[in-house]
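*Asks:* Take this structure first; my questions come after.
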Amino acid sequence: MIIKKAVIPAAGLGTRFLPASKAQPKEMLPIVDKPTIQYVVEEAVAAGIEDILIITGRNKQSIEDHFDRNIELELLLDRKNKKQELEEMQKISNMANIYFIRQKEPLGLGHAVYCARRFVGKEPFAVLLGDDVIHALVPCIAQMAEVYTRKKSTILGVRKVGFDHIHKYGAVESDDPESTVVRVSRLTEKPAREEAKTDLAVLGRYIIEPEIFDILEYTKPGSGGEIQLTDALNTLAENEPMWAYTFEGRRYDVGDRLGFLEATIEYALRREDLSSGLKAFLSGLKYNDS
């Protein structure tokens, strides 16, 4: 495994999930009984990544608390002989070397990634966005790392989303958009449907060469007045090959209300202790809007 470091930007204000995100980080909203961001961290850990930097912002202390130890809770679980729960709590704080830094202003994804420059140093690194939870037999970032071992250059995790939805994402232009691994010619940030040349979208997973930091340092604010990672990646693609990989797995946009509900239901259906009861409930559900 070449990729040993991961960056998880989690400084956004979560405006798509108001009012739930008004007083708590959207990354801490639970899918069944586990915070969303824990699924993302577990993906990185399952891919063999040892050091993880989470970029936070104001009012996001609970993310740090979640991955820290809670001695009082552990002692209580131990006294009550709840061994399984105790092991699960200890596993959360021991799963990886997790570090935190604050993005002091909401200046965009590009700026958030730039905040990780000292942590990353001079090696390739993974970026996993917390709004995208991906369920796959082989962790998505591990799939991409395997492609990186062959290509030795920046890899973007992509899927076709349909032209009706491409305005939500960064769109990948390529000479061969039907292949699993394609050379990226250009990225367009959230193109309008009528302007999009492709519906191949970047979906929150990247493996990036460290040269991106030299580019981000001089990248000016773009779409929305923010420093866009897409703009920096375009500059990087002009200087070296960049590839888009269509990953395998079920991707959920958990920053969207419907996507969050889909993730909650499907993750619950995968659990032996919940699936039968939930299936019975859903099969007997009758919609009544009164």
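*Asks:* Is it the case, given these coordinates, that GLU211 is modelled with pLDDT of 95 or more, surrounded by fewer than 21 Cβ atoms within 10 Å (Cβ to Cβ), under 23 Å from ILE2 (Cβ atoms) and of a type outside the set (Phe, Trp, Tyr)? Quick ask: steps written out before the conclusion?
*Replies:* On the way: modelled with pLDDT of 95 or more: yes; surrounded by fewer than 21 Cβ atoms within 10 Å (Cβ to Cβ): yes; under 23 Å from ILE2 (Cβ atoms): yes; of a type outside the set (Phe, Trp, Tyr): yes.
Answer is yes for this residue.
*Asks:* In segment 142-170, how many residues are more than 10 Å from TRP243 (Cβ to Cβ) and either of a type in the set (Ser, Thr, Tyr) or touching an Asp or Glu at 6+ places or on another chain (Cβ under 7 Å) (or both)?
*Replies:* Counting residues in segment 142-170 that are more than 10 Å from TRP243 (Cβ to Cβ) and either of a type in the set (Ser, Thr, Tyr) or touching an Asp or Glu at 6+ places or on another chain (Cβ under 7 Å) (or both) gives 9.
*Asks:* Answer with yes or no whether LEU18 is surrounded by fewer than 17 Cβ atoms within 10 Å (Cβ to Cβ) and free of Cβ contacts under 8 Å to residues at least 24 places away in the same chain.
*Replies:* Judged against the criteria, LEU18 is a match.
*Asks:* If I go through segment 204-224 residue by residue, how many of them are in contact with a strand residue (DSSP E or B) (Cβ under 9 Å, 6 or more places away or on another chain) and either of a type in the set (Phe, Trp, Tyr) or over 22 Å from CYS115 (Cβ atoms) (or both)?
*Replies:* 1
*Asks:* Can I ask one more? Hey, can you tell me all the residues within segment 43-66 that are in a helix (DSSP H, G or I), closer than 18 Å to GLY255 by Cα and within 13 Å of the chain's Cα centre (by Cα)?
*Replies:* Residue satisfying the conditions is GLU43 alone.
*Asks:* Please list, ordered by residue number, the helices (runs of 4 or more DSSP H) wholly in segment 176-290 having 2 or more residues that are closer than 21 Å to PHE125 by Cβ and touching a helix residue (DSSP H, G or I) at 6+ places or on another chain (Cβ under 7 Å).
*Replies:* The qualifying helices (runs of 4 or more DSSP H) are 212-216, 229-239.
*Asks:* Out of everything in segment 141-158 that is within 18 Å of LEU229 (Cβ to Cβ) and either within 13 Å of the chain's Cα centre (by Cα) or not β-branched (Val, Ile, Thr) (or both), what residue ends up being surrounded by the fewest Cβ atoms within 10 Å (Cβ to Cβ)?
*Replies:* First pass over segment 141-158, keeping only residues within 18 Å of LEU229 (Cβ to Cβ): 141, 144, 148, 153-158.
Then keep just the ones that are either within 13 Å of the chain's Cα centre (by Cα) or not β-branched (Val, Ile, Thr) (or both); that gives 141, 144, 148, 153, 156-158.
Working: ILE141: 29, MET144: 22, TYR148: 23, SER153: 19, LEU156: 27, GLY157: 28, VAL158: 27.
Ranking the qualifying residues of segment 141-158, first place goes to SER153.
To keep it simple, each residue is scored yes or no on (1) within 19 Å of MET144 (Cα to Cα); (2) in contact with a strand residue (DSSP E or B) (Cβ under 7 Å, 6 or more places away or on another chain); (3) surrounded by fewer than 23 Cβ atoms within 10 Å (Cβ to Cβ); (4) of a type in the set (Phe, Trp, Tyr).
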| site | (1), (2), (3), (4) |
| --- | --- |
| ILE2 | yes, no, yes, no |
| LYS5 | yes, yes, yes, no |
| GLN38 | no, no, yes, no |
| GLU50 | yes, yes, yes, no |
| ILE54 | no, yes, no, no |
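*Asks:* Counting just the residues of segment 51-106 that are touching a residue at least 40 places away in the same chain (Cβ under 8 Å) and hydroxyl-bearing (Ser, Thr, Tyr), which one comes out farthest from LYS5 (Cα to Cα)?
*Replies:* The selected residue is THR56.
*Asks:* Across segment 74-123, what is the total count of residues that are among the aromatic types (Phe, Trp, Tyr) and in contact with a Cys (Cβ under 9 Å, 6 or more places away or on another chain)?
*Replies:* Adding up the residues that qualify gives 0.
*Asks:* May I ask you to list the residues in segment 100-111 that are surrounded by fewer than 16 Cβ atoms within 10 Å (Cβ to Cβ) and either modelled with pLDDT of 95 or more or assigned to a loop (DSSP other than H, G, I, E, B) (or both)?
*Replies:* LYS104, GLU105, PRO106
The values are calculated or read from the model by the stated rules, or taken from the named source; none is laboratory data. On a predicted model such as this, the values are computed, not experimentally measured, just so you know. No Cβ is skipped: glycine too gets one built from the backbone with ideal geometry, and neighbour counts run over all protein chains shown.
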